[in-house]
Amino acid sequence: MATPLIAGVGVAALAMTARASILAFEAWKAAPPRLRQFYQGGFEPSMTKREAGLILGVRESAAKDKVMAAHRKVMVANHPDAGGSDYIAAKINEAKDKMLGGKNTPF
């Protein structure tokens with residue numbers, strides 16, 4: 001008498017666990033993709049190539065076109081004319097200059 005009861009409870013528990021797993025998988029599959037995270041840390045006193053890559057979201061060995069595209073993307077989000085900070089824009093430009101191998105300013 002107890003064996004069929006225990007077997008029934010076990011089957012019910014298995015079915016409920018399977019249903020919960022299927023629902024969790026479907027919710028995970030339907031979730032929107034995670035948005036890309038940009039560099040959240042503070043700035044070092046002098047810009048390093050590693051920090052420049054983190055700011056722009058590219059590898060230290062990225063090609064010039066990747067660096068320029070990343071610079072454009074980050075500057076659109078942080079440009080002073082669009083409400084961004086002058087300091088942040090200067091750091092983004094400094095990161096681009098560091099990644100491209102030197103200063104590109106005329107002074």
*asked:* Where the second residue is not in a helix (DSSP H, G or I) and the first is at pLDDT below 90 and lies in the range 71-85, which pairs have Cβ atoms under 9 Å and are six or more apart or on separate chains?
replied: ALA77/PHE38; ALA77/GLY84; ASN78/GLY84; ASN78/SER85
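Identify, from the list LYS49, LYS103, the residue that is modelled with pLDDT of 90 or more and either of a type in the set (Lys, Arg) or in contact with a strand residue (DSSP E or B) (Cβ under 6 Å, 6 or more places away or on another chain) (or both). It would help to see each step written out before you state the result.
On the way: LYS103 fails: modelled with pLDDT of 90 or more.
It is LYS49.
Could you tell me how many of the residues in the range 58-85 are open to solvent by less than 100 Å² (accessible area, probe 1.4 Å) and part of a loop (DSSP other than H, G, I, E, B)? Working first, answer last.
Restricting attention to the range 58-85, the residues satisfying the condition of being open to solvent by less than 100 Å² (accessible area, probe 1.4 Å) are 58, 60, 62-63, 67-71, 74-75, 77-80, 82-85.
Next, from what is left, pick out any that are part of a loop (DSSP other than H, G, I, E, B): 58, 60, 62-63, 79, 83-85.
Total meeting the criteria: 8.
The values are calculated or read from the model by the stated rules, or taken from the named source; none is laboratory data. This is a predicted model, so every value here is computed, not measured. Note: ideal-geometry Cβ built from the backbone for every residue, glycine included; neighbour counts use all protein chains shown. Side chains are part of the model used for accessible areas, which takes the heavy atoms of the whole protein and leaves out ligands, DNA and RNA. Shrake-Rupley method; radii C 1.70, N 1.55, O 1.52, S 1.80 Å.
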